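Read the structure below first, then the notes.
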Amino acid sequence: MTYYQKYHVPAGTFQVNARKPLILQAYLNSCVGVALFDAEAGIGGLYHILLPEPVSHKSEYNREKYAATGLPLFLGSLVREGADISRLQAVIAGGALAGKVSNQDIRLDIGGRTAEVVKEVLGKHGIKVALSETGGFFTCCLNFNLETFDYEVIPALLSDEQEADDTTHGRISRLDDIQPIPQVALKILRMIDEDVYDIHNLSQEVRKDQVISAQVLKYCNSAVFCGQGGIDSIDDALLIIGQASLAKIVTAMAVKKLLNNSYTGYSLAKGGLYHHAIGVALVAEKIASLSGKASPFAAYSAGLTHDLGKVVLDQFVSGARPFFYREIMGENDLVETENRLLKTNHTKAGLKLAKKWDLPASITNTIRYHHCPCEAEAHRELVTIISVANSLFHMFSASPSLHKVDMNSLSRRLELLDMSISDFPAIVDAIPHQVLSGSPELAIT
């Protein structure tokens, strides 16, 4: 019996290989997935496309995000590996209007336009489409077997696990059981919130925690920073990577330990909560820079901590995944489902945790209101930035998501930032491609 490894192809990238026991996967909402293969040559690949075409002509944009510019690169890579375009067959999936469909979804029709561009490019090259399952209203997963060249398009989040039992409302972890964020990280979060940090007091605080210091130095000497090596003190790290990067790394390392101690309920994979937190933090940082409505550092910190409440509730979700996911796959959104099944939700649980740890008010408000920023009485613009970043990351990240994006709601939130839905492609264009891949830490600079 052959054992098949699985590889999730991140949004805005493609994977090409010769025949091997590997299953390529892409989880698709509005994104479009394209599998291409030449069975005779034994070459195939999978491409996970975000958008139909670039919104700007700047030279540094990531061409692989877009069907119009990335599909020729995908074809070129297949040919270089030995495929013959005349023998290629294609499988196309995705481009759905997933979640609550709004007029904005229909007007933008991102998935539909992307699928059209894909079919147009394939048609120009005379490539046969063996299967096309695009559109619809559900998230799907495109699986492509690189050994047999078999393929399938299935609804995402299907599970054969047993039904949840009558203990649906089982015990939720007590707040006292949650290991708090290290004091050095809490202090830095407060310094960032009050905008009173500098190189001297930042390094002074980091040196107080030997564990965090060691983790930061290990990270600074890793391949993320090109393996520079020789960074053997916090002062050296500050001089080489700068205080901004150091502050982000310290808080990321602290939150990583907390989020990685959770189960696999919300995230669907070990470490998924941390992956999501880093991704939202980096997207929020970009939106803050583009809109000018909040400090990029403050947006990064708030994005990193916005889902702390899931750490409290994750034990229950992990124990009742099939039941919980089936509810989410219906018309209910995540918070509604939590309220009905748990009699609380992750924003309320996070609020209690934030108050217990005395987190800054800006972060506390973001935790509580990131799903409903209009209800925030303070720090509304920061809360809105995190809300928008959260939606964008759920839409375009490589992993399956429990969060449904309402484009009408997203449009209203953009208006709170003096932006509009027409700015949406430009925002996506500004997101570093590493953020939407399996390694968003690579974008921390």
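Numerical summary
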quantity	calculated
Every residue from segment 334-356 that is surrounded by fewer than 18 Cβ atoms within 10 Å (Cβ to Cβ) and not in a helix (DSSP H, G or I)	343, 344
Residue list for segment 1-36, filter: outside any loop (DSSP other than H, G, I, E, B) and under 18 Å from residue 51 (Cα atoms)	13, 14, 15, 26, 27, 28, 32, 33, 34, 35
Residue within segment 50-72 that is more than 20 Å from residue 429 (Cβ to Cβ), at pLDDT 85 or above and not aromatic (Phe, Trp, Tyr) present	no
Filtered residues of segment 118-149 (kept if touching a strand residue (DSSP E or B) at 6+ places or on another chain (Cβ under 8 Å) and not in a strand (DSSP E or B))	118, 119, 122, 127, 138, 139, 146, 147, 149
All positions within segment 396-418 that are modelled with pLDDT of 75 or more and of a type in the set (A, V, I, L, M, F, W, C)	410, 414, 416, 417
Lone unmet requirement of (1) more than 27 Å from the chain's Cα centre (by Cα); (2) touching a residue at least 24 places away in the same chain (Cβ under 8 Å) for residue 76	(2)
Which listed residue is out of contact with any Asp or Glu (no Cβ under 6 Å at 6 or more places or on another chain), β-branched (Val, Ile, Thr), at pLDDT 80 or above and crowded, with 21+ Cβ neighbours inside 10 Å, from 431, 386, 444	386
Residue under evaluation residue 306, criteria (1) closer than 11 Å to residue 389 by Cβ; (2) surrounded by fewer than 24 Cβ atoms within 10 Å (Cβ to Cβ), criterion not met	(2)
So residue 130, is it at pLDDT 95 or above, over 24 Å from the mean Cα position of the chain (by Cα), hydrophobic (A, V, I, L, M, F, W, C) and farther than 18 Å from residue 11 by Cβ	no
Test: residue 24 is aliphatic (A, V, I, L, M), buried (at least 23 other Cβ atoms within 10 Å of the Cβ) and either in contact with a strand residue (DSSP E or B) (Cβ under 9 Å, 6 or more places away or on another chain) or modelled with pLDDT of 85 or more (or both)	yes
Selection within segment 359-376 - of a type in the set (A, V, I, L, M, F, W, C) and not in a helix (DSSP H, G or I)	359, 372, 376
Residue under evaluation residue 280, criteria (1) closer than 27 Å to residue 27 by Cα; (2) outside any loop (DSSP other than H, G, I, E, B); (3) at pLDDT below 70, criterion not met	(3)
Hits in segment 377-398 - residues which are more than 17 Å from residue 418 (Cβ to Cβ) and assigned to a helix (DSSP H, G or I)	390, 391, 392, 393, 394, 395, 396
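The values are calculated or read from the model by the stated rules, or taken from the named source; none is laboratory data. Keep in mind it's a predicted model, so treat the numbers as computed, not measured. Cβ sites come from the backbone with ideal geometry, for glycine too, and all protein chains shown count toward neighbours.
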